[in-house]
Each structure stands twice: as C-alpha cells, then as structure tokens.
Amino acid sequence: MEYCSRCVMPDTRPYTIFSKDGVCQACLNYETKKRVNWAERWAELEHLCSKYRRTDGYYDCVIAVSGGKDSHFLTWVMKEKMGMNPLLICVADPFTKTDAGKHNLRNLGDTFGCDIIDFNLSVDLFRRVTKIAFEERGEPLRFIEAAIYTVPHKLAVALNIPLIVFGENAAYEYGTTTEEGYSTKKYIETGDSGAAKGLGKEIYDFWLNRGISMKEMNAIIPPTQEELERVKPEPIFMSYFVPWDDETNYQIAKRYGFRDLVHEWRREGTIEDHAQIDSVSYIVHLWMKYPKFGFSRTTDIASRWIRSNKITREEAIKLVMKYDHRLDRRAMEDFLTFMGYKPRQFYDIVEQFWNREIFEKVDGVWRLKNPLWKLENPASNLSLPVFVDLKETT
Ligand SMILES: [Zn+2]
C-alpha cells in the first residue's frame with residue numbers, strides 16, 4: 001500500500017492512477033484545473049444554456065438533486081445565474097432522514113422557487129438489493145447509486161427536457177480518469193467509472209442471478225436507443241464549467257438556507273458536517289471502503305483540503321490517524337434497524353471484507369500493517385488499533 005506523496009490517498013482506491021514519481025491523478029488533475037480559463041468555461045455553459053432555454057414556460061433543464069449543498073449550488077447557478085427554468089429530480093436512499101436533510105430538500109424548492117420530483121424507490125426492493133450488495137460486495141448502495149444517475153436521465157428524456165445537470169465528475173476529481181469533459185453520457189451509458197456503478201448487461205445479470213426481476217430494475221435501466229435519438233439528451237457535469245469547491249458550494253448554499261449538521265450530530269469517521277448529510281445511514285456505505293481498501297471518508301476529505309491549501313500534509317496525517325477508521329455508532333444503528341441485522345451479524349459480514357494484504361489481526365483487532373504515519377516516521381511506535389468497535393458491540 002503506497003500513498004500519494006502530496007495528499008494522503010493510497011493506491012488501493014479502485015481504478016486509481018499514480019504517476020511515476022508517486023503523485024496521484026487527483027492531485028495532478030487538480031493542478032491541471034488551476035490552468036483552466038474559467039471565464040471561457042462559463043461562456044461555454046452560457047452557450048449551452050442558450051441552446052436549450054425556453055420562453056414558453058416549460059422546463060428547460062433537469063437538475064439531479066439530493067437537497068445537499070451541491071444541489072443548492074447547482075440550482076443557484078442554473079436558475080439565478082443562467083436564468084433557466086429547472087425541474088429538480090431527487091433520488092435518495094430511504095434510510096432515516098436527518099433533520100437537516102428534511103429541511104434542505106424542502107428549502108431547495110422553496111428558496112429557488114423550483115418544482116421537485118421526489119422519486120422514492122420501493123423500500124422493499126431497496127432493502128433486498130442493499131442486502132445483496134452489502135453481503136456480497138461490501139458496497140451496500142450499489143443499486144441506488146446507479147439509480148441516482150439513471151432516474152433523472154430517464155425522466156428528463158420521458159419529459160422531453162434534453163439538458164440534464166449533474167454536479168461533480170467524481171472520476172475526474174478523485175483521479176480515476178485523466179479525461180476531463182462535461183458530458184456525463186459515458187458514465188450513464190457504460191458506467192465504466194466510479195461515478196456511476198455499472199449499467200448495461202453485466203449489471204442486470206448480476207441482479208437477475210440474485211433473484212431481482214427485470215420488472216424491478218426500472219430505476220437502473222437507461223432510456224432506450226429510440227428515446228435517446230428522439231430527445232438527444234445533453235447530460236452535463238457542472239464541475240467542468242465552474243471551479244468546483246466544497247467550501248464555496250457550502251457557503252453559497254448556506255446563504256440560501258442550507259443547514260449543516262453542526263447543531264444536530266457530530267459524526268464519527270468524517271471531519272466535516274456538511275457533505276452527505278441527507279440520511280443517517282449513508283456513511284455506513286462510505287465506511288465500507290475502510291476494510292476493503294484501508295482508507296475512508298477522512299482520507300478523501302483531508303486529501304481535498306491539502307490540494308486546496310486548507311491544511312498541511314502533516315495535519316492531514318493526524319486527522320486520518322484519528323478519524324478515518326471510525327464507523328459512526330448512530331449511523332450503524334440506523335443501518336442495522338433498517339436492514340434488520342443484529343450487530344453481531346453486521347460484523348460477521350464485514351469480517352470477510354478486511355483486506356488481508358493490508359490489514360493484520362492482532363488480538364482480535366484489525367490494524368493496518370503499514371499505516372501512513374508509520375511510513376512517514378518509521379521510528380513511530382504508534383500502532384493505533386484501527387477497529388475497536390468489534391469488542392464493544394458483539
Ligand atoms: Zn494525491
């Protein structure tokens with residue numbers, strides 16, 4: 001397990017790319033973005049909008065939203081800055097909503113004066129696909145993460161609204177691709193990156209072989225070729241057109257009434273209170289990267305903060321050491337209640353996912369063999385038990 005020499009990202013991230021001198025692609029992409037002429041990109045967005053803007057009162061774009069800070073930012077750009085008439089489409093997991101999450105989705109429509117379609121996947125189906133994906137892949141939200149891309153795309157096509165706006169090109173921002181473009185088509189149609197999880201034949205076969213019927217896969221089946229040819233959809237990533245920055249999005253969202261979790265819940269395992277806050281259980285999905293790849297949410301956020309000069313690498317290493325391994329108790333309990341697992345069953349399932357190449361079990365506790373802080377300082381005696389909840393809970 002090697003780490004990027006600039007940020008704290010390990011090379012265990014799936015599809016990750018490292019340069020010869022040990023710098024991750026996310027850091028290199030960040031450098032490339034510094035040289036972008038943002039005025040030109042903004043003009044490109046204006047040009048695109050003018051192609052689709054309507055004056056007859058009908059919606060002229062769809063925005064895929066969750067209600068979070070990025071949704072506020074996207075709606076602000078499209079409605080306030082571009083003067084578009086967006087229809088917002090929300091696809092969210094049906095776990096318990098946080099108070100902030102409930103407030104934010106409502107606020108989004110209210111503050112910008114937009115109509116929202118709130119698409120709710122069958123809870124029964126969600127529970128079954130989540131169970132399959134969690135137990136077999138350690139990736140509970142595999143199904144709904146595909147639906148989050150497919151449903152807005154499909155509804156937009158059905159409603160004859162070609163321009164479809166998504167937020168961040170996660171594959172580019174997280175450095176699993178070197179290609180930057182604004183079109184999300186590739187991700188929606190082939191699902192070949194981390195941004196949208198596998199569509200196409202293999203994914204249907206995966207679910208069909210596990211007892212999910214074709215009828216139940218509506219939310220992850222993309223529009224037909226005939227529909228695509230008729231509407232010619234233009235799905236775009238906003239992160240191509242504007243310098244995408246969590247902090248900027250957060251500040252703009254707050255100005256329009258977005259609520260963070262500061263007064264509600266201090267989550268373990270992460271270092272901020274304003275991202276992925278819509279549902280209580282969601283961060284269990286994020287945490288599952290930890291046993292599989294040896295890093296989790298704190299690594300993602302701290303690496304972004306290093307790139308944008310908010311913290312030093314030394315500070316980031318301390319944060320990673322302190323928080324990255326932690327699974328939030330409240331999130332876990334909500335997940336257990338929703339899914340009907342006992343804590344013991346949950347940990348038995350997780351047990352199979354600990355990556356034996358990078359973790360070792362010492363006195364019943366999993367520890368990273370070569371954590372970042374040891375690689376940086378071989379004399380360090382610190383050997384944090386990375387996962388202590390096991391004993392407390394079972
Ligand atoms: Zn890096």
Residues of segment 108-133 being open to solvent by less than 20 Å² (accessible area, probe 1.4 Å), over 15 Å from I212 (Cα atoms) and not in a loop (DSSP other than H, G, I, E, B), in sequence order, are L108, G109, F112
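Hey, could you check segment 23-40 for residues that are open to solvent by 70 Å² or more (accessible area, probe 1.4 Å) and not aliphatic (A, V, I, L, M) and say which is nearest to the ligand (Cβ to nearest atom)?
We begin by selecting, within segment 23-40, every residue open to solvent by 70 Å² or more (accessible area, probe 1.4 Å); these are 30, 34-35, 37, 39-40.
Applying the additional criterion that residues be not aliphatic (A, V, I, L, M) yields 30, 34-35, 37, 40.
Numbers: Y30: 8, K34: 14, R35: 17, N37: 24, E40: 27 Å.
Selected residue: Y30.
For segment 226-251, give me each residue that is of a type in the set (S, T, Y) and within 23 Å of L87 (Cβ to Cβ). Before the answer, list the steps.
Here is the first cut: in segment 226-251, the residues of a type in the set (S, T, Y) are 239-240, 248, 250.
Selection gives S239, Y240.
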With criteria (1) buried (at least 23 other Cβ atoms within 10 Å of the Cβ); (2) under 21 Å from V157 (Cα atoms); (3) of a type in the set (S, T, N, Q), N85 comes up short on (1)
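Take D99 and tell me if it is open to solvent by less than 40 Å² (accessible area, probe 1.4 Å), of a type in the set (D, E) and touching a residue at least 40 places away in the same chain (Cβ under 8 Å). Full working, then the answer.
Details: open to solvent by less than 40 Å² (accessible area, probe 1.4 Å): no; of a type in the set (D, E): yes; touching a residue at least 40 places away in the same chain (Cβ under 8 Å): yes.
Criteria not met by D99.
Pick from segment 152-174 the residues that are part of a loop (DSSP other than H, G, I, E, B) and farther than 22 Å from K69 by Cα: which of them is farthest from the ligand (Cβ to nearest atom)?
Result: N160.
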Among the residues of segment 212-230, the number that are in contact (Cβ under 8 Å) with a residue 60 or more places away in the chain and either open to solvent by less than 10 Å² (accessible area, probe 1.4 Å) or assigned to a loop (DSSP other than H, G, I, E, B) (or both) is 6
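Residue-wise test of (1) touching a Lys or Arg at 6+ places or on another chain (Cβ under 8 Å); (2) within 20 Å of F95 (Cα to Cα); (3) at pLDDT 95 or above.
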| residue | (1), (2), (3) |
| --- | --- |
| S279 | yes, yes, yes |
| P291 | no, no, yes |
| G294 | no, no, yes |
| A331 | yes, yes, yes |
| D348 | no, no, yes |
| N355 | yes, no, yes |
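Residues to consider are R259, R267, R255; find the one that is open to solvent by 40 Å² or more (accessible area, probe 1.4 Å) and under 20 Å from F95 (Cβ atoms). Break it down stepwise before answering.
Details: R267 fails: open to solvent by 40 Å² or more (accessible area, probe 1.4 Å); R255 fails: under 20 Å from F95 (Cβ atoms).
Just one listed residue meets the conditions, R259.
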Scanning segment 1-22 for residues that are of a type outside the set (D, E), over 19 Å from the mean Cα position of the chain (by Cα) and away from the ligand (no atom under 11 Å from the Cβ) gives M1, K20
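So, restricting to helices (runs of 4 or more DSSP H) that lie completely within segment 275-329, which ones have at least 1 residues that are hydrophobic (A, V, I, L, M, F, W, C) and away from the ligand (no atom under 14 Å from the Cβ)?
Of the helices (runs of 4 or more DSSP H) lying wholly inside segment 275-329, those with at least 1 residues that are hydrophobic (A, V, I, L, M, F, W, C) and away from the ligand (no atom under 14 Å from the Cβ) span 282-287, 289-293, 313-323.
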- Message: Tell me whether segment 41-59 contains one or more residues that are farther than 30 Å from K102 by Cβ, assigned to a loop (DSSP other than H, G, I, E, B), without any contact (Cβ under 8 Å) to a residue 60 or more places away in the chain and within 14 Å of the ligand (Cβ to nearest atom).
- Response: no
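The values are calculated or read from the model by the stated rules, or taken from the named source; none is laboratory data. Remember, it's a predicted structure, so these values are computed and weren't measured experimentally. Note that we place each Cβ from the backbone using ideal geometry, even for glycine, and neighbour counts take in every protein chain shown. Ligands, DNA and RNA are stripped out before the accessible areas are found, and what is left, the full protein with its side chains, is counted by its heavy atoms. Shrake-Rupley method; radii C 1.70, N 1.55, O 1.52, S 1.80 Å.
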